[in-house]
Amino acid sequence: MRELLLPKFNNNDEGCVLVDWAVEDGDEVFADEVVAEVETAKALEELVADVDGVLHRLVEVGAQCEFGRPVGLLFDSHQERDDYLANLASADVGTAPEGEDEDHDGGPEPILSDAARTLAQDHGIRSEQLRSLGKRVVKASDVQRLIDQGVMDQGAESAAAGAAADAAAVVRLSTRQRAVAAVVSEAHRTIPAAFAAIAVDLTAFRATRGGGAPYGLVELLVKAMAARQADFPLFFATPGADHTLVLASDANVGVTIDVGTGLFIPVLRDAARRPIGDLADDLMDFRVSALRQNFRGDAFADEAITLSLHNDPDIILAAPIVHPGRTCVVTLCAERSEVSLAEDGTPFTRPVTTVAVTYDHRYLNGRDAVRFLTAVKQDLESADAIARLAG
């Protein structure tokens, strides 16, 4: 028997969410075969078997898993796995009163895997319903089939009758959304986040676009953020142990990419020193990779700060979560027109956007957030600063 261990996919997370099993419990797998899909704070990853074997799952879909811990077992044969399950079952019933492991007709109770037992208890599946399967060894997938068929505890039927009548209005969350829910819940549970936002006048930026500049607002904001690393190093840090922060050596900016195939956060490396045209090329490559879901293995490595894009029309404010392993996330909202008054009182319109920062209040304070946003705003509103950043 070999443990199917969860490798450490990146250095910023302590664990991940198991999104889906690619192999049924009890099926044979082969070395280098993909057996599960997991989701870190940044991307989906594939878990592969390192040896041939018969799979026994230890965790269910949607479970939060720690790196370095086993999520399954690989047995040399089906018989070895059956013996393992039988030993588990005998350990459970060894101290039970005489006859308790038999049904009302004198037949033996089925043997349940750990996952099947937990699932049955959580959903009120009774012994006679498990015996109705006609199986000696019951797996989690067998219990799930009972649940999907609407089998429930007789005592709960009256309470569930109203909900069952309205079953057409019930939507089951996808495995991907359940994984998102786990990440978001963990972030809200562990990170005391605060928020600040600032309006940015895009008149100077629009003037550069009129000149045919080969970059967009996203690339310019990435450059403006990266240029401020020396002044605001804690915004580019990773939380460590005992109230410490590990400062980043380079301004590596992760940018959210969502083209309908899931959320990804690939990293624009060394953004402060690289030409803005190179960053624009990388962002285009990232969008293509997101469509094809074929990112390079190092595309998500060494992120120091995150830029979350919310540029759908009419989005004026957004406050995303701070991912574990980061101290903040910067937000760029949609461009919009705003009516202002000239010095003589004449109304005019100007292009504006909102740049915001959600930050971990354990490491960053409100004054720091406002100073950081003001510095970025000054760079985005100055024609000289824009020329310097884009040069």
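Each reported figure results from applying straightforward, stated rules to the coordinates on display, with no laboratory input. Just so we're clear, the structure is a prediction, and the values are computed from it rather than from any experiment. Backbone-built Cβ (ideal geometry, glycine too); neighbour counts: all protein chains shown.
DSSP assigns beta bridges within segment 239-340; of those with both partners inside it, close to 40 percent run antiparallel. Full extension of the chain segment joining residue 173 with residue 128 gains 13.3 nm, where the gain is 0.36 nm per residue of separation less the Cα-Cα distance. Sorting 320-332, 119-131 by their mean Cβ neighbour count within 10 Å, with the most densely packed peptide first, gives 320-332, 119-131. The relative contact order of segment 233-391 comes to 19 percent, based on Cα pairs under 8 Å that sit 6 or more residues apart. Multiplying the residue separation of residue 147 and residue 284 by 0.36 nm and subtracting their alpha-carbon distance yields 44.9 nm. When you work out D = kT/(6 pi eta Rh) for segment 289-391 at 25 °C and 0.890 mPa s, using the Kirkwood radius from C-alpha pairs as Rh and the Stokes-Einstein form, the result is 149 µm²/s. Modelled spin-label separation between residue 348 and residue 390, with each label point placed 7 Å from Cα along the Cα-to-Cβ direction: 2.0 nm. Taken along the Cα-to-beta-carbon direction at a fixed 7 Å, the label points for residue 66 and residue 312 span 3.8 nm. A simple charge model with +1 on the Cβ of Lys and Arg, -1 on the Cβ of Asp and Glu and nothing else charged puts the dipole of segment 161-276 at about 260 debye relative to its Cα centre.
Per-residue extension of 0.36 nm, minus the Cα-Cα distance of residue 24 and residue 296, leaves a gain of 95.1 nm for this segment. Measuring from centroid to centroid over Cα atoms, what is the spacing of segment 236-273 and segment 311-350 in Å? Centre-to-centre (Cα) distance: 22 Å.
Checking the a/c ratio against 1.5 first, then a/b against b/c, what shape does the Cα gyration tensor give for segment 222-380? Here segment 222-380 falls in the oblate category. If R0 is 30 Å, the Cβ-Cβ spacing of residue 261 and residue 79 corresponds to a FRET efficiency of close to 0.10.
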